[in-house]
1. Sort out for me the helices (runs of 4 or more DSSP H) sitting completely within the range 180-244 that have 2 or more residues that are at pLDDT below 95 and surrounded by fewer than 21 Cβ atoms within 10 Å (Cβ to Cβ).
2. For LYS75, all conditions in the list (1) modelled with pLDDT of 95 or more; (2) assigned to a helix (DSSP H, G or I) hold save one; what is the number of the exception?
3. Test of understanding: among ALA122, ALA115, ALA48, ALA141, which residue is at pLDDT below 95, among the small types (Gly, Ala, Ser) and not in a strand (DSSP E or B)?
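The values are calculated or read from the model by the stated rules, or taken from the named source; none is laboratory data. Because the structure is a prediction, the values reported are computed rather than measured. No Cβ is skipped: glycine too gets one built from the backbone with ideal geometry, and neighbour counts run over all protein chains shown.
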Amino acid sequence: MRKLIASAATALLAACSTSPTPNTQQTTAPVAMRDTQSAVNAYYRVAARVEPVAQTVCRTFHSNKSHNFCDFQVKVNTDASQPPNAYQTIGRDGRPVITFNVNMLRSFRNDDEIAFVFGHEAGHQIARHIEQTQANQLAGAVLGGILVAVGGGDAQVGVDIGGAIGGRSYSKKFELEADTIAAHIADRAGYNATIGARTFERTRGSSALLATHPPSAQRISQVSRTIQTINIAKSQGGRAPVAW
């Protein structure tokens, strides 16, 4: 059993150190791409407004965590050969890192879209999705290894398959939660989350993406409901609490 758990943990660590799961979809039609420099400038400009808001929201829920837990680091992946992508990881110092690659930045039509996607990636940290995914992967790996070993098969195969299934078990739920948090963050930063979420309208999921991400229509509907809640609170002179 100890060897099995160790094997599962090793597989989990290996999975966590590889390139992140893409958080974007294939476009249904060619999108006019802005030039790289203006796209990067826009990203840093928007991030300067959105990151402090994301940090404040994060600290509201994680006041007992270290300072680094909510201290978002903003990065750009300059590899132009990669497809559009944005993702959140954890740096060696424990800080959450939000990375957009240049092709993702070039695909945005306005600052509202940048703000929304930035809020989405921050939402994964706020909702502790990486921690939960790792726990699910480890549990799935151990269970898969046991089941295959009992059946006389290669336990490592069970570890690999179980870990993959465990990691995906709540992925669609996590994406919707991050979308909800993104709507709050973008709105509080002064951006239009409804416009920001329109990035979903011009995309379609590949079969691989749909295994881990909800359909675009479902995500847009989730954001619309969240914005409605935010606007109702505003009309009553209040502020809707961030919830997911």
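1. Output list reads 207-210, 216-235.
2. It fails just one condition, (2).
3. Exactly one of ALA122, ALA115, ALA48, ALA141 is at pLDDT below 95, among the small types (Gly, Ala, Ser) and not in a strand (DSSP E or B), namely ALA141.
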